[in-house]
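Right, one structure below, let's go through it.
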Amino acid sequence: MSAVVVTGAAGGIGRAVVADLVARGFSVAAIDRARPEAVESAIPLVADVTDEAALGAAVAEARDRLGPLAGAVSVAGVFHVASARETSIDDLLDLVRINAGGVLALARATMPHLIEAGGGSFVAVTSNAATIPREGMAAYGASKAAANALVRTLGLEASAHGIRCNIVAPGSTDTAMQRDFRAVTGAGRDDVVAGDAAAFRLGIPLGRIADPADVAHVVGFLVSDEARHVTLQTLTVDGGAGLGA
Ligand SMILES: NC(=O)c1ccc[n+]([C@@H]2O[C@H](COP(=O)([O-])OP(=O)(O)OC[C@H]3O[C@@H](n4cnc5c(N)ncnc54)[C@H](O)[C@@H]3O)[C@@H](O)[C@H]2O)c1
């Protein structure tokens with residue numbers, strides 16, 4: 001059975017990614033700074049993605065217990081609502097450290113194993129806010145844009161080893177992060193779907209907030225061999241909120 005490591009595996013999208021990969025027949029190392037729940041064919045491991053030693057040890061344990069790695073999925077991330085003018089350099093760097101640094105750290109920890117295995121798939125879950133300006137998401141969008149740039153360069157460099165690197169960019173997805181966003185901004189579920197012209201925020205053409213599984217299935221596809229000729233791509237899963245731009 002091929003093994004895949006997933007960070008952010010205790011969160012809404014991360015749990016769904018673990019479930020999708022298990023359903024596809026992968027064994028999974030579920031990594032998070034909060035203890036992920038134990039599910040069949042997945043081992044829970046605790047590590048902070050900004051602690052390279054701890055993350056490296058977790059990935060090495062996954063390799064020892066599960067066998068050669070076929071893939072790695074970076075889902076861990078944090079959110080922060082503040083206008084650009086209210087964002088300090090420290091606020092920006094805090095988000096970049098986790099949302100982009102965590103992607104880089106997972107790549108650095110897993111690439112030697114994927115090279116050893118003769119190839120594999122690396123997927124980073126970033127955000128459609130990396131490419132679409134959103135009021136209140138200055139540092140968040142910047143951190144996700146940095147993650148996108150890292151993954152594309154990584155993919156270019158890793159392709160000689162048969163390693164594919166792709167980005168999944170969700171829009172509004174029904175998780176704790178999305179519910180926190182609505183609590184902070186006072187927006188209701190229907191408001192998110194309808195959009196807000198005053199904030200230049202389009203609604204969601206497909207008329208619903210995504211379930212975590214909607215994002216996870218796309219991640220699972222990119223990890224799988226069905227996507228064996230797909231690399232350096234971004235698959236946006238936002239119900240059309242960004243009009244495909
Ligand atoms: N929910 C949305 O609407 C939405 C939209 C676009 C992008 N995203 C992105 O999807 C990813 C998953 O988000 P979610 O909605 O499942 O949120 P979530 O808050 O449910 O899960 C995030 C998980 O990341 C973990 N995490 C955070 N910092 C970490 C660190 N330093 N080390 C290890 N683990 C850490 C948390 O413990 C948590 O389990 C995030 O990268 C997020 O930015 C979410």
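Some notes on this structure:
- Think of a 1.4 Å ball rolled over the protein heavy atoms: the chain then has 46 Å² of accessible area per residue.
- Karplus-derived 3J(HN,Hα) values for the range 127-141, using 6.51 cos²θ - 1.76 cosθ + 1.60 with θ = phi - 60°, are 5, 5, 5, 5, 10, 10, x, 10, 4, x, 10, 4, 5, 4, x Hz; glycine and proline are entered as x.
- Summarising the amide proton neighbourhood of Thr236: residues at separation of 5 or more, or on other chains, whose placed amide H is nearer than 5 Å comprise Ala169.
- Cα centroids of the range 14-72 and the range 99-159: 17 Å apart.
- Surface/4 of the Cα convex hull for the chain, nm²: 12.3
- Pairs of C-alpha atoms in the range 106-155 farther apart than 17 Å represent 43 percent of all such pairs.
- Mean separation of Cα contacts under 8 Å, 6 or more apart, over the residue count of the range 1-53: relative contact order %: 33
- Taking every C-alpha pair closer than 8 Å and separated by at least 6 residues, the mean separation divided by the residue count of the range 3-237 gives a relative contact order of 20 percent.
- Percent accessible area from carbon and sulfur atoms, the chain, protein chains only, probe 1.4 Å: 55
- Where both bridge residues fall in the chain, DSSP classifies roughly 5% of the beta bridges as antiparallel.
- Over the chain, dividing the summed -39,500 (n - 2.57) contributions of all DSSP H runs of at least 4 residues by the number of residues returns a 222 nm mean residue ellipticity of -13500 deg cm²/dmol.
The values are calculated or read from the model by the stated rules, or taken from the named source; none is laboratory data. Computed from a prediction, not measured in an experiment: that's the story for all the values here. Note: accessible area is taken over every heavy atom of the protein model, side chains too, but ligands, DNA and RNA are not part of it. Shrake-Rupley method; radii C 1.70, N 1.55, O 1.52, S 1.80 Å.
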